[in-house]
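Computed from the coordinates by the stated procedures, all read-outs in this text should not be read as laboratory data. Note that the structure is a prediction, hence the values are computed from the model and not measured. Don't worry about glycine lacking a Cβ; one is built from the backbone with ideal geometry, like all the others, and counts go over all protein chains shown.
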Amino acid sequence: MFGDADLGVFTADMGVPVLFGGVMVKGILNKPIATKLADEGFGGISVQQTTIELPYNAFTTMPEQGAAIVVNGISYTVADEAADIDGAFLRYPLKAVS
Amino acid sequence: MPTINPSVQSQILDAVVAALNTTQWLAYRTRMASFKPDQLPAFNVLPDDGEPDYAESYSGSVDWKFRFRVRCMAAAVNEVDKAVDPLFVAGSQAILSDPTLGGLARITRYAGQKWEREGDADYDQCALVVTFETEFGTSRGDPSVLVP
C-alpha cells in the first residue's frame, strides 16, 4: 500500500534540493515560460512561472506565503499560498528575490 | 522602380524612437518579439489610429490627427509601477521637449494613458501605455509630403 513514507520516492531521482528552515529535502522544480502583457498578441514580456512541488509533509512546518526558500541553490520567496495537487503534493509558486 | 518616401506618420514614429533612445533605456519601434526581464525596462513605440480632417485645410492638403502609443515596460520583484515611472518621466521629457518632433508635427500632446500589470511569475510586470496625439498636414494625394 502506498503511503506517506513513499512520497520521497517520487522526488528522489528527479527532484532538486530545497532548503527551508535549515532542513533540506527534494522537490520537483517546474519553470514554464509564459508571455504576459502582450499588446494585441505581440511584444509582451516573457517570464518564468517557477513552482516547486513538495510532499505535503516535507517539513514539520510547511512554508507559507512570503517565506524564504532556496531551490536548487537559488533563493526565492514563496509568492502565494500553495496549491494542493492531489492531497500528497503541494505546489508552491515562487518569486525571485532580486 | 521609383523611390517611395516614408509617410509623415512613419517619420514621426522614427523621430519618437530616436528621441526615446536619448534616454538611458532602449526604444523599439513596433517590436513584436517578447521582452525578457533582463531586456527591461524598455520602450516599445506603436502606431495607433489617425483621423483626417479636410474642413479647415486649404486646397491640396489634409490635416491629420495621428496617435501613437509608447509602452513603458518593466519587470520587478515588488512595486513594479515604480520601475516604470522613470520611463514615463524621461520618455515624456524626450518627446515633448520638442512638440514638433523635428519639424514634422504642429503639436504633440498626451491623449491618454493606461496601466497594465501582471504577477503570477518570477517577476511582476508592468506596462504604462501612454498615448500621444500629433497634428500635422500632408498633401491630399501624398502622405509623404509634409504641409506645414
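In percent, rounded to a whole number, the relative contact order of segment A:4-96 is 25, using alpha-carbon pairs under 8 Å and six or more apart. Exposure proxy ranking for A:V47, A:V97, based on other Cβ atoms within 10 angstrom of each Cβ and starting from the fewest, stands as A:V97, A:V47. Taking the C-alpha atoms only, the angle from helix B:8-20 to the longest principal axis of chain B is near 30 degrees. Short-range pairs are left out: with C-alpha atoms under 8 Å and at least six residues apart, the relative contact order of chain B is 26 percent.
Among the residues of A:30-39, the average count of other protein chain beta-carbon atoms within 10 Å of the residue beta-carbon is 5.
Sorted largest first, the spans of the alpha carbon positions of segment B:19-95 along the three principal axes are 55, 26, 21 Å. Dipole of the protein assembly as shown computed with +1 at Lys/Arg Cβ and -1 at Asp/Glu Cβ about the Cα centre; of B:M1, A:M62, A:S75, farthest Cα towards the positive end is B:M1. Taking the Cα centre of the protein assembly as shown as origin and assigning +1 to Lys and Arg Cβ atoms and -1 to Asp and Glu Cβ atoms, the resulting dipole is close to 660 debye. May I ask which of B:K36/B:K114; A:K31/B:K36; A:K26/B:K36; A:K95/B:K114; A:K31/B:K114; A:K31/B:K82 have a Cα-Cα span longer than 20 Å here? Those over the limit are B:K36/B:K114; A:K26/B:K36; A:K95/B:K114; A:K31/B:K114; A:K31/B:K82. Pairs of Cα atoms in segment A:4-96 fall into 5 Å distance bins, from 0 up to the last occupied one, in shares of 3, 14, 23, 24, 15, 9, 6, 4, 2, 0 percent. A Gaussian network model of chain A, with springs between Cα atoms under 10 Å, assigns the largest mean-square fluctuation among A:A58, A:A12, A:A82 to A:A12.
Dipole orientation for chain B: of the candidates B:F132, B:N44, B:A15, B:A15 has the Cα lying most toward the positive pole (charges on Cβ; Lys, Arg +1; Asp, Glu -1).
Over the protein assembly as shown, the ratio between the Cα radius of gyration and 2.2 N^0.38 Å evaluates to 1.42.
Scalar couplings 3J(HN,Hα) for segment A:65-74, obtained by applying the Karplus form with A = 6.51, B = -1.76, C = 1.60 to θ = phi - 60°, are 3, x, 6, 7, 8, 10, 10, 6, x, 10 Hz; x denotes Gly and Pro. Normalising the Debye intensity of segment B:8-139 to I(0), with uniform scatterers on Cα atoms only, and taking log10 at q = 0.12, 0.21 Å⁻¹ returns -0.48, -1.17.
Placing +1 on the Cβ of every Lys and Arg and -1 on the Cβ of every Asp and Glu, with no other charges, gives segment B:8-139 a dipole of roughly 240 debye about its Cα centre. The packing ranking of peptides B:44-50, A:36-42, highest mean first, is B:44-50, A:36-42, where packing means the average number of other beta carbon atoms within 10 angstrom of each residue. With everything on Cα atoms, drop me the angle between helix B:80-96 and the longest principal axis of chain B, reported from 0 to 90° to the nearest 10. The answer is roughly 20 degrees.
Segment B:18-77 to segment A:24-70: how many Å between their Cα centroids? For segment B:18-77 versus segment A:24-70, the Cα centre distance is 34 Å. For segment B:1-91, the antiparallel share of DSSP beta bridges with both residues in that region comes to about 70%.
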